[in-house]
Each structure stands twice: as C-alpha cells, then as structure tokens.
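Report on one structure; see the data block that follows.
The values are calculated or read from the model by the stated rules, or taken from the named source; none is laboratory data. Here the structure is a predicted model, which is why all the values come from computation and not from measurement. Using ideal geometry, Cβ is built from the backbone for each residue, glycine included, and neighbour counts are taken over all protein chains shown. Surface accessibility is based on the protein's heavy atoms, side chains included, excluding ligands, DNA and RNA. Shrake-Rupley method; radii C 1.70, N 1.55, O 1.52, S 1.80 Å.
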Amino acid sequence: MSNNRRPAYLPIVIIAVVSIAITAAVIMWFKPDNTCMATAQPVSNALASEADATLSNALDNGQLLQTTTANQNQSSFVTGLERLPRSLQGTQIDGEIIIDENKQLVVTEGLRRLFDYFLSALGEEDEAVIYARVESYIRHHTPEPAASQAVAIFDQYITYLKAIPEIEQRYGNLQLQAAKSGELDLNVVAQQKQDVAKLRQQYFTKETITAFFGAEEEYDDYSMEMVRINQNQQLNDVQKEAARQNYISRMPDNALKAGIIQQANLNELMNRTKQMQAKGATAQELYNMRRDLVGAPAAARLAQVDAEDANFAQRFDQYQAQKQRLLSQSADKTQAQTQINQIEQQLFSEDERKRLVGYAALQ
C-alpha cells in the first residue's frame, strides 16, 4: 500500500528511494502468512514521511495510547490481520521485521513503513485497536526478544508523532510569512529541523533515528542546499547550475544520488526533446539524443510513444475534419451526432475515445 508522506518541517516536495543494507550473520525476514494478498507498490522512506503531519494530528486528537487499553483490545487479534479496515483490504503488508542470529531486532526503515502501513487506517479504526493490531502482528511474526523490542519502538514512534504538531504550530506562521515574501526562510527551516532532531533524540536511539529518518534527513539537506543556491542573488544562472552540480558530485554514491541524477536527466530529456521537435528534428536525431541521456532501451520506448502519438494526432485531425463537415452541412443535428459517434468508434479504441475531449482542449 502506498502512503504518501512528507516531512512537516520542510515544505519541499521530496521523492527519494533509499535502500538500507543490513548485514548480520543470520537475517530473517518475517512477512504475513496471507500470501494471497495483492502486491502493492513499496513505499520509500521519504514518501513514507509524507503523511507524518496527518498521523500526528489524528493521534493528537485522542488520548495517549495506554498498554492496558491495548491489551483489552488485543484479545480479538491473533495475527493482527483479522478484519482489516477497508483501506487495507486487498493490499500487501508494507514493511519488514528483521532480526539477527540472536533474535535481536535489527531496526530498519522498513520497520517504520510497517508502522505507517497500519497507522494509515487512523479514522477507520480507533487508536487502541490499531495499537492492538500492530502488537499482535509483531508478536505473531517475531520471536522474543525482538518482538518486545519492536513493540517498544512502536510506543516511542506513537509518542513522537503526537509531539510533532506542537513544533509545526510553533513555526507555522513564520514559514507562512516567509512564503508570502516569495522565498523560503532557511533559517526558520533549519531551526525547525533542529527542534525535530532534538525530539527524535528524546524518543529514539541513534541507530533508530538513522534507520527511520536518515534518508529523509539526507534529502532535506540536499533540498535546502538547492534552495540556498537558487536564492543566492550573487550568482548568475550559470554559476548556480555549477554550484548545484558541484554539490551533487560531492554526495555519497547511493540510491539518493542516483535518483537525483536520473531526475536531472529526465528534465534535460524533456527540454531537449521540446527544443529539437520545434526545430523539426528527425526521429533518428531524437533517438540519438535520448540514447545518450537515458540509454537505448528507454530511447526505443520513447520512439514508439512518438510514433503512437503521431498516429493518434493524424487520426484526430481526420476525425475533426469529418466532424466539422457533418455539423456544418447537416440540418439534423441528432443524425449528425450519431454519425460523429460512429466515426469515433471507427477511428479510436475505447480508451482513446476517453482522451478526445481533453486532447481537443489542448489543441
């Protein structure tokens, strides 16, 4: 199940996919027994943080979860997957519980995704029910002492989420004022990040902070640096681009850096394609440019898309010409519309017909 989340303290769109390598003598990955669930798209750490504010506010509206209350509800769960709320039905459990050869918990970003997966049902289920569900799931799929360690971290995570709104409120007006001025106040953002970091240190160990939030913190740093460069009035456009490339080149070689470079290539691809098409570039010239930027397989797929788009455009022009002729020459508008519908069915597939109105508007 995909949960879109973003750090509440940094109003910058963050899309990053970060993998965390866990090395242990023996690693066990516990997944749900329900193998008939449909596969869902994995959630990255940065994407998983997108709804932290929503979870925080939802949790903050209720009472703090008490273990005794959860225990009263836990009797109705064995695996934690019984009577799933509608939003979770038909999805695959997102996340992981990893232990080492001594059955000690190895904290990963996937554990946070697991928590967020169940917490996404807040509103459909009460807090105590979700708590009992998560605890049952953990204890059913995880041996001790790792199970109790995971439950303890879930307690800390819930408390952390409830504390986030206070920081948001503290800096909300300052950020709004900065946004009205047309620029992001990086000093305010940095201070807010610092307060959030202190909050995390209050509830989590250093290892858990790195596993849960390390990826998004790295991307936050990148995003802030990009904003800082963009807002530097002493640099011209060429110097700003050089500064951006210099920062990216000094980043560690990981999935985040690879994703940034890939996105930059895609942006360059779109810009070059638009420019070359405006100049009447041939299909071969477009293919060569794309191959150099994104590789031969992607270039071939894009060439196929170009051909399909050109074919659709040709049929659309034919359709429009016949449509206008019928509307202008026929006195019976109902009969004319019937003929137009027949032409649509002859020229376009069912899916293509759904595009006609929007395509005509763009034209």
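Summary table
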{"item": "Some residue of segment 331-339 being without any contact (Cβ under 8 Å) to a residue 12 or more places away in the chain and within 27 Å of residue 271 (Cα to Cα)", "result": "no"}
{"item": "Filtered residues of segment 115-163 (kept if part of a loop (DSSP other than H, G, I, E, B) and of a type in the set (D, E, K, R))", "result": "124, 126, 144"}
{"item": "Matching residues in segment 228-256 - criterion: being in contact (Cβ under 8 Å) with a residue 60 or more places away in the chain and open to solvent by 30 Å² or more (accessible area, probe 1.4 Å)", "result": "254, 255"}
{"item": "Selection status of residue 261, assigned to a helix (DSSP H, G or I), on the phi < 0 side of the Ramachandran plot, open to solvent by less than 40 Å² (accessible area, probe 1.4 Å) and of a type outside the set (Asp, Glu)", "result": "no"}
{"item": "Checking residue 188 against (1) at pLDDT 90 or above; (2) more than 22 Å from the chain's Cα centre (by Cα); (3) of a type outside the set (S, T, N, Q), the condition it does not meet", "result": "(1)"}
{"item": "Unmet requirement for residue 232, which otherwise passes all of (1) in a helix (DSSP H, G or I); (2) touching a helix residue (DSSP H, G or I) at 6+ places or on another chain (Cβ under 8 Å)", "result": "(1)"}
{"item": "Selected residue [touching a helix residue (DSSP H, G or I) at 6+ places or on another chain (Cβ under 8 Å) and aliphatic (A, V, I, L, M)] from 243, 278", "result": "243"}
{"item": "Residue 131 over 22 Å from residue 206 (Cα atoms) and among the hydroxyl-bearing types (Ser, Thr, Tyr)", "result": "yes"}
